[in-house]
Every structure is written in structure tokens, then in C-alpha cells.
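Input: a single structure, listed below in C-alpha cells.
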Amino acid sequence: VPALPSRRRSLPCRAVAAKVAGKGCGRRSASKTYMISPLVLAASASGVLIFAQRPLSVLSFTGPDRHRFLHGLCTADVNALRGAGVAESAVVDAAGNTQDLLTVLDGGGDELLALGEPGRGSELHAFFDRYLFPADAVSVAEASGEYSCYEVVGEAAGSLLADALGSELPHPLPANGEVRRLDGSAAWLLGSGALAAAAPAAAQEGERSFSVLLKDEPRLAGSLAAAARHLDACSPPWEALRVRRGLPRRGAEFAAAGAALKVPPLWLGRWEAVAVDKGCYLGNEVLVRLSRAKRQRLELYGVALSCAPAEVPAAGAEVRLTTTAEAGGGAGEAGAEAGAEAAAEAD
């Protein structure tokens, strides 16, 4: 997997186009010709691009009480989404420890959607169903098989999507936290994707980012899949992208099997997913106290290792970081040594 630049920039499209043409993606074969899509060439002229299918689970909440119900069981201000909107969120236990990370979507219809990690649909459904009372006018259903999602990040994201979908995009394009439905289809354009939410500094610098959510739209899904395949030879897979962007995953950065460490979403850097002033919800008091602390006891960081693949530490290994400073013309230890439990991802 080729190394990506800093969090604030995405994979250069010019490199993508060249590598797809056979100039840097492994062994070159003189007998094989790579076809470069016009949309990839157009995107390469605009700078940077990430295009990846996001694996996910989907829960559907319907009924008049759907906002109130989900509002009380996750960390986002779901009541503020009435009408249309999207928000990053977390499901925590009573002690404020992260159980799942979600994207909550109100597409302006008669249902709320919660997008979570793949394979978690049944567990999430069981969690929410446990808190349902007969008087609640809300129904919860797993709908993972009906949806697909793509993440597009970069300066050329809008034009790429329009070409791939073969249709006009809503105008104006949705900003961060906004959602637009594509005309004549069960497709939604979310103004902030999971990759961008994990790197808010990039979004603040003007990096365009969208999620495209499709429901039973095989034609559009096929178009997006075909566009993504043109970049597969050079684009890192989803797991490498989410690590590079700092997007935590259950079983790796939190809620790992057998792990004694309990991790609130604030320790994972998911401050935008926690509304501390929205009122009572499960784990609220703990998260409010943490948000007011002068410093967090633990924080999640990404570490870039300059070593051979065989030397990459195993997942769960302890990594000690030291800083070196110039002192009196020589190099000296700055005295800032930190122990960190690092989940090393090797491809």
C-alpha cells in the first residue's frame, strides 16, 4: 500500500492516473493495457482524491418518537436533525465507554438511519431494542442489506460524483452536517464523510468530502463501484484509509476482545460526536466531567513507522516514543517519554 501524505491532504490524482497506466503499481506487464476512465483523468487535473466503498451496518428508526428515542441513547444531538441533517455520534455504556461509533442521518423522510461498522447490525439492534417500551411510538429494524455507501474526499469530489452518477448533483452541494437527496432516486449526499470527520482540520482547510448513501439502487451502485475500481490499483483499501485518517474501529482502537482498557469517545478524539449540553442520555454525566477536564488521561494518536514490514510491532504491543532535541550543539533526550498501547496495522 503506498504511503499517503499528511492527514490534511489526500492521495494525489496525478499519481493515481500514472499508476493505473502501469507506471508504479507493482510489476509492469508489456502485454497488458490499462484503460483510464475519463472521469479519473478529469479528477487528476484538479488535485487530490480518495474514493472508497465504506463497509457498514444500517439501522432504521421509524415512528413519531424516533428522534426522541435515539436522542436519549447516543451522544449526538439527534433532536437538532429534524427535517434533514447528519451527525457523527457514539453509543456508550453507563460509564461513558465507547461501544460503537455511528453516523446518524435524517434524510428528510419518515425514518432515521444509524450507520455503524459492518457486522454490528444485530448487536446494535439488540441494544436499542432492549430500551424500547410499549408506549414508545418507534420501531427499530436492521436494514444493512438494503444500503451501500461510498466515501469521496478531495478537491474534485463534486465533479467526480456527477460524472460517476451520470446526473446533476444538488445545488448548492451540502456543507458539513447537511444532507441532500438526489432527484428521482433513493440516494443521499452527505456533506461530511466518515473520513473527513476523522480529520476535521482537513475539512476546515476547504477539503471537499461527501458520503453517498444508496438504498436499493443497483444502477447507481454499479456506476460508483466501476469508478472506484479504476483507483483500486493504487488507492489503499478501506482499512488502510481509516487508519491513516484516524478513524477508530471497534476491536482495534476500542472495545477490543479481552482488553481491560475502557475508552470514552473523547479519548478517541471524537469530540464532534459528543453533545455535552443536549440533556440527559446514557453516559452523559461521565462525558460532561471529562469534557471539562483540563487534560485527558489518554488520547489516541497515529504513529508513522519507518521500518521494514517484518519489524512492525504486533497489534497490542507497547510502543515507547521519545523526542530528541538539539541542546548545546548536541542531541539530547528531551525527557518526554510516553508509553502508548498501539494497535499496529500492517498490510
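The values are calculated or read from the model by the stated rules, or taken from the named source; none is laboratory data. Computed from a predicted model, the values in this text were never measured in an experiment. Methodologically, a virtual Cβ is constructed for each residue, glycine included, from the backbone with ideal geometry; neighbour enumeration extends over all protein chains shown. Only protein heavy atoms, including side chains, enter the accessible area calculation; ligands, DNA and RNA are left aside. Shrake-Rupley method; radii C 1.70, N 1.55, O 1.52, S 1.80 Å.
General observations
- Filter result (within 15 Å of A252 (Cβ to Cβ) and either touching a Ser or Thr at 6+ places or on another chain (Cβ under 6 Å) or not small (G, A, S) (or both)) within the range 299-318: L300, Y301, V303, V312, P313
- Only listed residue being over 30 Å from A80 (Cα atoms) and either at pLDDT 70 or above or over 13 Å from the mean Cα position of the chain (by Cα) (or both), chosen from A225, A187, A201: A225
- Positions within the range 106-158 being of a type in the set (D, E), farther than 16 Å from R68 by Cα and open to solvent by 60 Å² or more (accessible area, probe 1.4 Å), in sequence order: E123, E142, E146, E155
- Selection from the range 239-279 of residues that are of a type in the set (D, E) and part of a loop (DSSP other than H, G, I, E, B): E253, D277
- Qualifying residue in the range 325-335 (condition: modelled with pLDDT of 50 or more and not β-branched (V, I, T)): yes
- For the range 48-75, a tally of residues being touching a Leu at 6+ places or on another chain (Cβ under 8 Å), under 18 Å from V140 (Cα atoms) and of a type outside the set (S, T, Y) returns 11.
- Leading residue by the ranking (farthest from R181 (Cα to Cα)) among those in the range 84-96 that are open to solvent by 20 Å² or more (accessible area, probe 1.4 Å) and part of a loop (DSSP other than H, G, I, E, B): A95
- All conditions in (1) open to solvent by 30 Å² or more (accessible area, probe 1.4 Å); (2) among the hydrophobic types (A, V, I, L, M, F, W, C); (3) under 16 Å from the mean Cα position of the chain (by Cα) hold for L290, with the sole exception of (3).
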